[in-house]
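*Asks:* Here's a structure for you.
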Amino acid sequence: MKASFYMPTAIHFGAEGEKPFAAALQKAGRHAMIVTGKSSAKRCGALDDVIATLTGAGIAYTVFDEITENPPLLTCHRGGAIAAAEGVDFVIGIGGGSPLDAAKAIAAFAANPSIAPEEIYDDAKRANPTLPLYAIPTTAGTGSEANNFSVLTLPDGEHKKTFKAADSWFCAALVLPRYTATMPHATAVSTALDAFAHALESYLSPKSTVFSERAALFAGAEIWDVLSACPAAFDDDMRERLSAAATAAGMAISVTGTGFPHPLGYSITLLDGIPHGRACALFAGDYLTYNEKTEVGKARIEAFAAAIGAKPAVMKAFLPGIADVDLTFTEEEIAYRVELIAGAKNYPNSPYVLCKDEIYDIYRSHFLKK
Ligand code: NAP
Ligand code: FE
């Protein structure tokens, strides 16, 4: 039985989590860097709450609010340099997956200010341990608060590469569903689709364990129940369930990583602006169809569907449908996108291992101009 588990992050959930999280921040250091996107951390109230906590404890802070979607490696390098120059000794990420992932990279650069941007991927170059990290997710999607992955966009703007250090886990996270209430509904749906992709892809991964499976099934069931009813808006109860599910799915992928819908989605996110969750959901049907070709995959899919109260055929139609991606490309445009994602490490991480010709087939089936 595979049942080892590592989860060094204290996850504080809901209103009862606010006090212990604030207490953890107040003991975290003398000068914080708060890493956010342009406006949502302020709009949802999380930034003001954190500033009040820090100010109350006499802790200095620097706000770095330059994190854009699909965070660029170079922005994180710059943030790290500013943090080092200002004597920051801990980092708080507030936002969706982009600011949380960026916070992990910034904390590594801040501790190692002399390294070049791409040297972050080289364990030997990062001689000093990453600064302590804290997280407040404001989307219910990536589960970044519960894993040590930091998905960064390389300087060419066309590739994503995951940075993952043994010490880039958050010390503590505050998962407060009310911070997600300011999300536009389309963003809330897309981020829920990302969390569902994590649950499904983790459950099918050959690396799954009894604990990652349970987390994946919990997440899958909650998200399916909410999304398959197609509500026009999410209420407080739904937001609470989606937030818990997203964190659980983040834990699940901390054990397993993700499968091929993730890299297949990266090129249409970076080149064509399709949000990450919708990009993953577009390829969920292909993921199910290919994995059903193997005995293990078929059995796992049936078990997952039964446990979450769905049917594989319904999932295959529903997920790409709700992704609502309408793109058409020429053969050359398809080739350009496939070559960008062909080398990703995710392909062996499911019962069916996709080859490059099959990636072409999938892209043609969705996008080829008729
Ligand atoms: P995001 O890129 O962090 O944010 C998307 C948009 O939503 C931004 O415009 C953001 O505004 C806005 N937003 C966030 N919270 C909001 C709120 N409460 N109210 C209103 N607007 C809000 O979205 P995400 O889907 O959470 O993260 C995607 C990134 O995470 C991708 O780079 C993906 O590759 C990565 N990812 C990481 C993991 C992991 O395990 N670490 C897993 C999957 C994906 P602002 O810019 O103003 O903040
Ligand atoms: Fe994802």
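The values are calculated or read from the model by the stated rules, or taken from the named source; none is laboratory data. Everything numeric here is computed off the predicted structure, so don't read it as measured data. Positions of Cβ are generated from backbone atoms using ideal geometry, with glycine treated the same way; all protein chains shown enter the neighbour counts. Ligands, DNA and RNA are stripped out before the accessible areas are found, and what is left, the full protein with its side chains, is counted by its heavy atoms. Shrake-Rupley method; radii C 1.70, N 1.55, O 1.52, S 1.80 Å.
*Asks:* Looking only at segment 12-43, count how many residues are open to solvent by 50 Å² or more (accessible area, probe 1.4 Å) and in a strand (DSSP E or B).
*Replies:* 1
*Asks:* Tell me yes or no: at least one residue of segment 53-61 is crowded, with 17+ Cβ neighbours inside 10 Å, modelled with pLDDT of 95 or more, assigned to a helix (DSSP H, G or I) and in contact with a strand residue (DSSP E or B) (Cβ under 7 Å, 6 or more places away or on another chain).
*Replies:* Scanning segment 53-61, I find at least one residue that is crowded, with 17+ Cβ neighbours inside 10 Å, modelled with pLDDT of 95 or more, assigned to a helix (DSSP H, G or I) and in contact with a strand residue (DSSP E or B) (Cβ under 7 Å, 6 or more places away or on another chain), so the answer is yes.
*Asks:* Is one or more of the residues making up segment 162-178 modelled with pLDDT of 95 or more, within 12 Å of the chain's Cα centre (by Cα) and not β-branched (V, I, T)?
*Replies:* no
*Asks:* Turning to a different aspect of this structure: For segment 111-134, name all the residues that are within 16 Å of ligand 1 (Cβ to nearest atom) and in contact with a Cys (Cβ under 9 Å, 6 or more places away or on another chain).
*Replies:* Within segment 111-134, I120, L133, Y134 meet the criteria.
*Asks:* Right, here's the next one. Conditions: (1) within 16 Å of ligand 2 (Cβ to nearest atom); (2) surrounded by fewer than 24 Cβ atoms within 10 Å (Cβ to Cβ). P137 meets all but one. Number of the miss?
*Replies:* (2)
*Asks:* Please tell me if Y266 is of a type in the set (F, W, Y) and within 13 Å of ligand 1 (Cβ to nearest atom).
*Replies:* When the stated conditions are applied, Y266 passes them.
*Asks:* Would you check if there is a residue in segment 321-338 being closer than 16 Å to S202 by Cβ, open to solvent by less than 30 Å² (accessible area, probe 1.4 Å) and part of a helix (DSSP H, G or I)?
*Replies:* Looking through segment 321-338, none of the residues is closer than 16 Å to S202 by Cβ, open to solvent by less than 30 Å² (accessible area, probe 1.4 Å) and part of a helix (DSSP H, G or I).
*Asks:* Output the residue which, of all residues in segment 68-110 that are hydrophobic (A, V, I, L, M, F, W, C) and open to solvent by 10 Å² or more (accessible area, probe 1.4 Å), is farthest from ligand 2 (Cβ to nearest atom).
*Replies:* A85
*Asks:* Residue under question is S4, and the condition is that it be more than 24 Å from A248 (Cβ to Cβ) and among the polar types (S, T, N, Q); does it hold?
*Replies:* no
*Asks:* Which residue is surrounded by the most Cβ atoms within 10 Å (Cβ to Cβ), if the candidates are limited to segment 171-202 and must be within 29 Å of G273 (Cβ to Cβ) and in contact with a Phe, Trp or Tyr (Cβ under 6 Å, 6 or more places away or on another chain)?
*Replies:* Among those that are within 29 Å of G273 (Cβ to Cβ) and in contact with a Phe, Trp or Tyr (Cβ under 6 Å, 6 or more places away or on another chain), it is V175.
*Asks:* Any idea how many residues of segment 271-315 are assigned to a loop (DSSP other than H, G, I, E, B), without any contact (Cβ under 8 Å) to a residue 60 or more places away in the chain and of a type in the set (A, V, I, L, M)?
*Replies:* Selection size over segment 271-315: 1.
*Asks:* Here's another thing I want to ask about it. Could you tell me which residue of segment 1-11 is surrounded by the most Cβ atoms within 10 Å (Cβ to Cβ), considering only residues that are in a loop (DSSP other than H, G, I, E, B) and within 16 Å of ligand 1 (Cβ to nearest atom)?
*Replies:* Out of the qualifying residues, it is T9.
*Asks:* Within segment 253-284, can you find the residues that are within 16 Å of S365 (Cβ to Cβ) and of a type in the set (V, I, T)?
*Replies:* Across segment 253-284, the qualifying residue is only I268.
*Asks:* On to the next question. If we keep just the residues of segment 255-270 that are open to solvent by 10 Å² or more (accessible area, probe 1.4 Å) and away from ligand 2 (no atom under 12 Å from the Cβ), which is nearest to S4 (Cα to Cα)?
*Replies:* V255
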